[in-house]
1. Between 170, 209, 239, which is in contact with a helix residue (DSSP H, G or I) (Cβ under 8 Å, 6 or more places away or on another chain) and touching a residue at least 60 places away in the same chain (Cβ under 8 Å)?
2. Please indicate, with yes or no, whether at least one residue in segment 130-139 is more than 14 Å from the chain's Cα centre (by Cα), surrounded by 18 or more Cβ atoms within 10 Å (Cβ to Cβ) and assigned to a strand (DSSP E or B).
3. I'd like the residue in segment 150-167 that is outside any strand (DSSP E or B) and in contact with a helix residue (DSSP H, G or I) (Cβ under 8 Å, 6 or more places away or on another chain) and, out of all such residues, is modelled with the lowest pLDDT.
4. Please work out which one of (1) over 29 Å from residue 89 (Cα atoms); (2) in contact with a strand residue (DSSP E or B) (Cβ under 8 Å, 6 or more places away or on another chain) is the condition residue 196 fails and give its number.
5. Taking the residues in segment 222-236 that are touching a helix residue (DSSP H, G or I) at 6+ places or on another chain (Cβ under 8 Å) and assigned to a loop (DSSP other than H, G, I, E, B) as candidates, determine which candidate is farthest from residue 122 (Cα to Cα).
6. What are the residues in segment 177-198 that are surrounded by fewer than 16 Cβ atoms within 10 Å (Cβ to Cβ) and at pLDDT below 95, if any?
7. If residue 86 satisfies all but one of (1) under 22 Å from residue 165 (Cβ atoms); (2) more than 16 Å from the chain's Cα centre (by Cα); (3) modelled with pLDDT of 90 or more, what's the number of the condition it fails?
8. Among (1) more than 15 Å from residue 245 (Cα to Cα); (2) in contact (Cβ under 8 Å) with a residue 24 or more places away in the chain; (3) not in a strand (DSSP E or B), there is one condition residue 84 misses while meeting the rest; what is its number?
């Protein structure tokens, strides 16, 4: 009986950790957007609530600051690079690296295209990256793929129409995000996630449906780096861990 109770407590704790991680990522992705939309839907139905002056309701700020945690726990971490970050080998021979002293230089052509291929369990899928959309963000994604920084990170599904690939923490640095052209996130958009201050740290998300598209458009700080044609297969992915990642130049 005692063993069963302990096992049940461990399962419950694991479920709590998963939900906490999901909520943390949800807030990093969309911050106070959900609260804003909920208020926007409720207010028209409650005549007289929105008044001028001091009695006007305020929108609660539910955004979170960037978490000061590592890219991966020590048990899952890879190598570290001290000093300036060099461009990685592109033939798959670069040491798996998850900690850097500084952001990488520009390692790809600013008009190049690439495929990032992820393997997780029995699933393998590719995300296109177009440096012409945002060279800095695309460079970070491709460089992390060559360094295999994405290996052992979590794929998280069901975050309000979004698929998350990455970490809650950073790999030692963040970089400024670029301008978001038009603030539009059509279904299938591959985006480099920006924190609440607009800085990028390497995590990627994919817009799976109109809900995800609408939520991101309310607070357009994330940077589009590609477009996926087949989102249905991605929507069917389960929460999992990335076991392999690679980047291939396509143009």
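1. Among 170, 209, 239, only 239 is in contact with a helix residue (DSSP H, G or I) (Cβ under 8 Å, 6 or more places away or on another chain) and touching a residue at least 60 places away in the same chain (Cβ under 8 Å).
2. Taking every residue of segment 130-139 in turn, at least one turns out to be more than 14 Å from the chain's Cα centre (by Cα), surrounded by 18 or more Cβ atoms within 10 Å (Cβ to Cβ) and assigned to a strand (DSSP E or B).
3. If we take residues in segment 150-167 being outside any strand (DSSP E or B) and in contact with a helix residue (DSSP H, G or I) (Cβ under 8 Å, 6 or more places away or on another chain), then 158 is modelled with the lowest pLDDT.
4. Here residue 196 clears every test but (2).
5. Only one residue fits best here, namely 222.
6. 179, 181, 182, 183, 184, 197, 198
7. It fails just one condition, (1).
8. With (1) more than 15 Å from residue 245 (Cα to Cα); (2) in contact (Cβ under 8 Å) with a residue 24 or more places away in the chain; (3) not in a strand (DSSP E or B) applied to residue 84, the lone miss is (2).
The values are calculated or read from the model by the stated rules, or taken from the named source; none is laboratory data. All figures in this text were calculated on a predicted structure; none of them were measured in a lab. A quick note on method: Cβ atoms are made from the backbone with ideal geometry, for glycine too, and the neighbour counts reach across all protein chains shown.
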